[in-house]
1. Suppose we filter segment 266-323 for residues that are in a loop (DSSP other than H, G, I, E, B) and on the phi < 0 side of the Ramachandran plot; how many remain?
2. Residues of segment 156-174 being touching a strand residue (DSSP E or B) at 6+ places or on another chain (Cβ under 8 Å), surrounded by fewer than 20 Cβ atoms within 10 Å (Cβ to Cβ) and either in a loop (DSSP other than H, G, I, E, B) or not small (Gly, Ala, Ser) (or both), which ones?
3. Checking MET181 against (1) assigned to a helix (DSSP H, G or I); (2) surrounded by 23 or more Cβ atoms within 10 Å (Cβ to Cβ), which test does it fail?
4. Every residue in segment 22-46 that is surrounded by fewer than 16 Cβ atoms within 10 Å (Cβ to Cβ), within 15 Å of LEU10 (Cα to Cα) and not aliphatic (A, V, I, L, M), please.
5. If a residue has to be more than 15 Å from the chain's Cα centre (by Cα) and under 14 Å from LEU82 (Cβ atoms) to count, how many in segment 167-184 make the cut?
6. Which one is surrounded by the fewest Cβ atoms within 10 Å (Cβ to Cβ) among residues in segment 336-358 that are within 18 Å of LEU11 (Cα to Cα) and either in contact with a Cys (Cβ under 7 Å, 6 or more places away or on another chain) or not hydrophobic (A, V, I, L, M, F, W, C) (or both)?
7. Residues of segment 255-274 being in contact (Cβ under 8 Å) with a residue 24 or more places away in the chain and within 20 Å of HIS81 (Cβ to Cβ), which ones?
8. So, of the residues in segment 299-335 that are surrounded by fewer than 24 Cβ atoms within 10 Å (Cβ to Cβ) and in contact with a Cys (Cβ under 9 Å, 6 or more places away or on another chain), which turns out to be nearest to HIS395 (Cα to Cα)?
Amino acid sequence: MATIIKNIGLLATPTGTVAQKGESQGQIQFIADTYIMMKDGLIEEIGKAGTGKGWTGGAGDTVIDAQGLLATPGLVDAHTHLLFAGWRQRELAFKLKGLSYLDILAKGGGILHTVEQTRKASVDELILQGIKSLDIMLAHGTTTCEVKSGYGLTTEAELKSLRAIRQLGDMHAVDVVSTFMGAHAVPVEYKGRSAEYVRLLCEEMIPHVAQERLAEFCDVFCETGVFTVAESEQILECGKRCGLMPKIHAEEITTLGGAELAGKVKAISAEHLIHADDKGLAAMAAADVIAVLLPGTSFYLGEAFARAKEMIEQGIAVAVASDFNPGSCPNESLQIPMNIACLKYRLTPEQVLTAATLNGAAAIHRSALVGSIEPGKQGDIVIWNAPDLNFLFYHWGVNQVKTVVKRGQRVVG
């Protein structure tokens, strides 16, 4: 049996199986008056209205009427911290008083507060919170997402979190990709002894994660007051030896050299990059490191915005993700960061669509399977309450999803 989406007014999709960069990032395939036929979860046929075997369908096929609206690939959120316990709404008052992210962290708030709550939570409690967030994400068009650990910061708590992330992926329609981020902060019990904590990460946590195959990536918060460039390199190289692909939180708050390190260790992605300098961007471009930008975090924290246009001009593939987390970006919808990327980065709708689909998929090693609407790829498609791509970015702040199809099955709408 097939699933057919008919009467698509306009299909908009990037193409290919690798990240698009430079001029290619803005090259979108537009097909008017079309249909998509899917079988066994994969896209089998894309055709013009009135032609092809998929247009008429057969007995028992499921037919979805797009009613002349816009269809795009399902959104791919390449950077989230959705596995946690304990929201941090009390920190809003601190932010309004002018305290910075690092000020709040120094007071025992921020990541460390969430760590305290997450350590206390059971696996079932973490999974319940995660399901709620994944439900919201799916309803807003996200069909694949990355999830980082990093709110445990002990071997036991990190493994607990990663096991919960794996269970989320088994239970939910959204495809979940796991990243180990035990290097999210130095826990309070290791305050002033970061070298010892790095040793714990390298000698105990990472080998355990790799042995259980609980993650595909290893990430580190390379930042002033957190992990130095040298410590970050040590952690990421250890991860590589254990089979975990490197990612890095770089230049979010200060210019430290994390973007250069991303190039040096050949990271699949560097993330945030608000304060990345020219040397860092050159290193990323030379090593084909994907820039995962998080405009929602800049907006929420009142920070500067990353130099997205310059990155594209320098040949760096740019992805846009939500950074959903309980502190610096408590928002599960990728639509809003996409709107902000258009309005504040000054990227075109075409560039942002690529950033939130194919390039996001490439940043989590999934671009051969998802991120575009092409025969052979997974049937992950969003039908929007929008007539064209421009409207999707023009009309902002509301959920514009009409229907979500995941692996060829209608899951929303």
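1. The qualifying residues number 18.
2. Residues satisfying the conditions are ARG166, ALA173.
3. Every condition holds for MET181 apart from (1).
4. GLN29, PHE30, ASP33
5. 5
6. GLU350
7. Selection gives GLY258, ALA262, ALA267, ILE268, SER269, GLU271, HIS272, LEU273, ILE274.
8. PHE299
The values are calculated or read from the model by the stated rules, or taken from the named source; none is laboratory data. All values derive from a computational prediction rather than experimental measurement. Heads up, the Cβs are rebuilt from the backbone with ideal geometry, glycines too, and the neighbour counts pull from every protein chain shown.
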